Each structure stands twice: as structure tokens, then as C-alpha cells.
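Notes to accompany the following structure.
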Amino acid sequence: MSNKEILWYLLKKKHINITLVNTVKIDNTALIKVEELSKNVGPQSMLSSNFDRKMYHYGTFPEGFSWGISSSAYQIEGGWNADGKGPSIWDTFTQTTNTIPDNANGNVACDSYNRLNEDLYMLRALRVKSYRFSLSWSRIFPDGTRKSLNQKGVDYYNRLIDGLIAHNIEPMVTLYHWDLPEALQKVNGWESAEMIDIFNDYCDFCFATFGDRVKFWITINQPQTIAWSGYGLGNMPPNVKDPGYGPYIVAHNLIKAHAKAYHTYDDKYRQSQGGLISIALNADWAEPKDVSVRREVVAADRAMQFQLGWFAHPIFKNGDYPDALKWQVGNKSEIQGLPQSRLPSFTEEEKNFIKGTADVFCVNHYTTKIVSHVTARLSPASYEYDWDFKEEEENDSPTTAIPNQKVVAWGLRRLLNWIKEEYGDPEIYITENGVATEAQTTWDDSARVFFYKAYIDEALKAYKVDGVTVKGYTATSLMDSFEWLNGYNVGFGLHHVDFSNPNRSRTPKYSAHFYYNIIKDNGFPLPDDEKQSLTKPSTTKNIKRLQMCLFVSRDQFPTRYSALRYWSQPA
Ligand code: NOJ
């Protein structure tokens, strides 16, 4: 370790709150001050060498750990216009676009609207403790508002929720997972601040209707994806291409909409229903390209702030955007000659309203990027040019069926540590984590088994070794389903679905059996024969040799031998 790294580590370890003031020249015309470099990662994971970070750790999660699995309405339900359901922006998009492979859509998908019992059967067989699914807003309110209430839609979700409760599976309900009622898009969707009240009324209805049984609510899934892909890049519906302004306006409305729904729950339902409510934020881990170069560490921190902090900072910290966003967007806007920042600001009253509006921290995580500083172009104005960093793939990790989602398990541990440090040790639920394999993958998904074994072990290290308060883990997903812009070309499922079969037959993959065992064991307990062998210490040489067995290839799953290392060198 270099001196700089040691210093960095010591500062972290002592929890000294450091403020770095970094001056960056942009275009030779302006200076940007980057303040409040937040704490980067927990000391344990920061210190680990490339080799150490791949070591295996045995142990179990705390009692009552919430093992779950996920899906979302548009991806699985089908029945796109059944029994009075109104269209959503995803129905409109998939039925008119030709950008999705095979012009796929969710008209039938897994047909879960008609196959609820089959879904329940899979969930029971897996013995999950919770099931994360979403409500299709336009199945409940076809035109997005209460006056269009569709009782058949409500009945469907009542059957699903009752079926889960009957088998002791906790419903973890996402109120909004991207499928905005088309009727609301006609009045400008999330670009309009009117959505705040409209969303609140929909949530209010759901709390009143399902809240006697639903105790875990997630208001919005991945608002960063909605804001950037939906209103910046425009590759997802509603396909608005306004990269300089759209994402910031939409994020502003989404944050306020979330906060309002939280307060509605808090004021009207919490006391009688006793549940909790949060928002599911997506976060890749951003690893600095060179941890000994301050500029790269600052750039990686900025990457965390632009993706996760954009939403988490207001909600979990002080009701306001992170300084990194305010500086970057503010200064770029100034250089662009604009009268004010493209990043809107909250009033003091709004900040107080937003701050603290989540009971637990819900994070969706898939991959890690290697981040370094760049000075990005100024024109056209764009969220992505506001970042001033670039992302590369980690080159020592397996690829997946989605090219930019490599399997970098150690990134999860660092992410969890970062959340703990940055947001004051919240209770964390990993609300999505999973890997895509080719659609042809039927039962033999050893790549997915490798993925879960490695990622869940990193969550275990974060909990056991680093003391992160990890309360739950949700595998994505219950079964192969409509994978948004990838159509049916890839699958995240622990169950295979035969989309060519009208019955949409479901078959457990190898990973389903594997996940079942993890749940049964509550993690990775030390095998009995391993406990025996611990009575005889191994030589260092032996340990080194055994270490070499680990992670040689994705087929070579971490072996029991790794326990020796943790026994002889307790972390
Ligand atoms: C995140 C989304 O929330 C989920 O719906 C999707 O299946 C996964 N990404 C994988 O693409």
C-alpha cells in the first residue's frame, strides 16, 4: 500500500470527517470546486488485495433475515388489456416500436395474470420469506385516477396477497415499477408536478386496500432509470430525449412524489397497519481506477453521487441534492450561459418534507464499473456530460448475457459499506440482485449459481466482517420474463419459462435448488467436516495452495478449504 492509501485508510478508520477541496479546470474558463468528498468505502474492504477480495467466507445471516425473490407487473403479468386494464406506457411503446429484439412485448409475458397459482407454487417450493412484486397502476386505475377504479384488478392483487400470506410469504410491494398509465403520459407524465398528487392518491388507495396485509412498501423502482432512460436518453418509454433538463425535472418530481406518499403512509396508516415504506434505488459500485490518485477517488465518489446520491442524499441525509451534483450541474450551466442551474432546487420547506422519508434503505445492485476522471464536453447539455467521469468494465470478471453487466461480486460489499458510511448505518435490504443468461439456458445455469454464491457471500462479509446492517436479500428474478429493452433474449429467472408454449410452463433451474439451500441454511454455514479439520492447523504453505483452488474458473465454486484461511487469519 502506498503512503497515500495508508493515510486514506487511517482517516477512514478513525472516522475523521474529511473535506477535500479539489479544484478542477474546465475548458480553461471556469473553476469547479468539489466539496464534501464523502467517505469512500469501509476499511476492511478498502484494504483487501485483488486476491483477498475473492476469498470465500463461511457464516450465516442474522435470524429473521428476509430472503426474497422478485418480479414486476409488466414483466410477468401479461393480460395487458384483460378485465378492464388500461394501457401503460410500456404497452404503447412495445406495441409500436421496432427497437426491441423480435418486436417482443409484455402482452402475454409469463401470463401471471392467469397463472397466479403456478407463481405461488414456485414461491412456496423455494421457501422464500418474501416476494417482491409490483402493482400495475393501470390495472387498478385504468386511466391513472381513482374515478376509473377497476375492481377486477384489485381482486387479482388480493388473491395474490392472500395466497402469499397463507404460506407465510411476506408481500414486498412496489407501487410503481415503470409502467405508468398511458392516460397520465398524455398529461406529460413525470415531467409534470401534477403527478405528485396523482401518484399520492393512487398510493393512498393501495395502502387503504392492501395495507392490512402488506407491511413492506416500495414507492418507486429505480427512479434514476426512469429519469435518465425515460426522459434523457429516451430509449425507454415515454421516450423523451431531453438529456440536459428532462432527467433533473423528472427526478425532482419523483422525489417529491415519493416523499408525499411516505407522509401519507406515515400520517394515515402507519399506526394502524404498522408497516414500513421505502424506495428502491439502483446503484452500481464505482471503483476508482487508481485508488492512490485523489482525482480518481473523487471521480468515483461523484459517480456514486450522480447515480445513487441523486435520490438517496435528499431522502436519507438532508432533503437536498449532494454537493457534487450541485457543483457540477451548477457550474456547467453557468459556463453554458444559462441564467440558472439545470438542477432544480428545493425550498427549505420541501427539504424538511423530503428528509427522512424512508424507513429502510432498499438498493438494487447488478454490477461494478471502473471510474476515472474526464473533462466532458459542454455541449449539448446532458446529465451524462455533467458527470465528468468515464466508466470502464472491470477486466478481471466474467461477462454475462448483458455486455455491460459483468460479475464483480466484491463490488457489492464495497457498495454496502459505502451506504453504511454515507447514510449513517441504515438497515439495508438488497431489493434486486441477479444475472442475465442467454434465453436458451434451461435448467443448467451454473453461471447463475456462481453469481449467487459469490454475491451473497459478499453480502455476508459486509454483514459479518464489516458490521453493515444487512436485513434482507432479494434475488432477481423469480422466472425468466420480459426483460425490457432486451425482450426475451436474456433471462434473469431462477425458473425457466417456455415462451413458445401457450401454457408458459415453468421449470426450476439449477439456481433455484441452490437458492433454496442458501435460504434453508440462512447463508453458508461451516460444513461439519470442515469444523473437524479446524482442530489441525494448516501450514501457511498449505493455505496458499488451497487458496489457489478458488475462483480459478466460474465452474470451480468456492470450496470448503477457504474456511481454513478465515480460521487461521481471522478477519
Ligand atoms: C432492474 C429492474 O428493476 C428489473 O425490472 C429488471 O429485471 C432488472 N433491472 C434486470 O434488467
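Cβ-Cβ contacts under 7 Å between residues 6 or more apart (or on different chains), taken from a first residue in segment 483-496 that is at pLDDT 95 or above and hydroxyl-bearing (Ser, Thr, Tyr) to a second residue that is open to solvent by less than 20 Å² (accessible area, probe 1.4 Å) and more than 7 Å from the ligand (Cβ to nearest atom), are listed as Tyr488/Ala104; Tyr488/Phe482. Just one of the listed residues (Glu438, Glu394, Glu421) is closer than 25 Å to His177 by Cα and surrounded by fewer than 23 Cβ atoms within 10 Å (Cβ to Cβ), namely Glu438. Residues in segment 54-88 that are touching a helix residue (DSSP H, G or I) at 6+ places or on another chain (Cβ under 9 Å), under 19 Å from Thr474 (Cα atoms) and within 14 Å of the ligand (Cβ to nearest atom): Ile69, Ser71, Ala73, Tyr74, Gln75, Ile76. Screening His496 with (1) open to solvent by less than 40 Å² (accessible area, probe 1.4 Å); (2) closer than 22 Å to Ala409 by Cα gives one miss only, at (2). Note on segment 105-159: among residues that are basic (Lys, Arg) and in contact with a Gly (Cβ under 7 Å, 6 or more places away or on another chain), the one that is most open to solvent (accessible area, probe 1.4 Å) is Lys152.
Residues of segment 282-300 being within 30 Å of Phe133 (Cα to Cα) and out of contact with any Ser or Thr (no Cβ under 9 Å at 6 or more places or on another chain), which ones? Let's see the steps before the verdict.
In the first step, residues of segment 282-300 are kept if they are within 30 Å of Phe133 (Cα to Cα); the result is 282-286.
Selection gives Ala283 alone.
Scanning segment 486-500 for residues that are more than 9 Å from the ligand (Cβ to nearest atom) and more than 13 Å from Val108 (Cα to Cα) returns Asn489, Gly491, Gly493, Leu494, His495, His496. The lone criterion from (1) part of a strand (DSSP E or B); (2) out of contact with any Gly (no Cβ under 7 Å at 6 or more places or on another chain) left unmet by Gly472 is number (2). Of Glu348, Glu438, Glu422, all but one fail to be among the acidic types (Asp, Glu), in the same structural domain as Ala280 (by TED's automatic domain parsing) and without any contact (Cβ under 8 Å) to a residue 24 or more places away in the chain; the exception is Glu348.
Picking from Val41, Val128, Val108, which residue would you name as being modelled with pLDDT under 95 and either on the phi < 0 side of the Ramachandran plot or within 16 Å of the ligand (Cβ to nearest atom) (or both)?
Working: Val128 fails: modelled with pLDDT under 95; Val108 fails: modelled with pLDDT under 95.
Going through Val41, Val128, Val108 in turn, just one is modelled with pLDDT under 95 and either on the phi < 0 side of the Ramachandran plot or within 16 Å of the ligand (Cβ to nearest atom) (or both): Val41.
Assess whether Pro403 counts as being open to solvent by 40 Å² or more (accessible area, probe 1.4 Å) and out of contact with any Phe, Trp or Tyr (no Cβ under 7 Å at 6 or more places or on another chain). Considered against the rule, which asks whether it is open to solvent by 40 Å² or more (accessible area, probe 1.4 Å) and out of contact with any Phe, Trp or Tyr (no Cβ under 7 Å at 6 or more places or on another chain), Pro403 comes out as yes.
The values are calculated or read from the model by the stated rules, or taken from the named source; none is laboratory data. Model, not experiment: these values are computed from the prediction. With ideal geometry, Cβ positions are generated from the backbone for all residues, glycine too; neighbour counts draw on all protein chains shown. Calculation scope for accessible area: heavy atoms of the full protein, side chains included, ligands and nucleic acids excluded. Shrake-Rupley method; radii C 1.70, N 1.55, O 1.52, S 1.80 Å.
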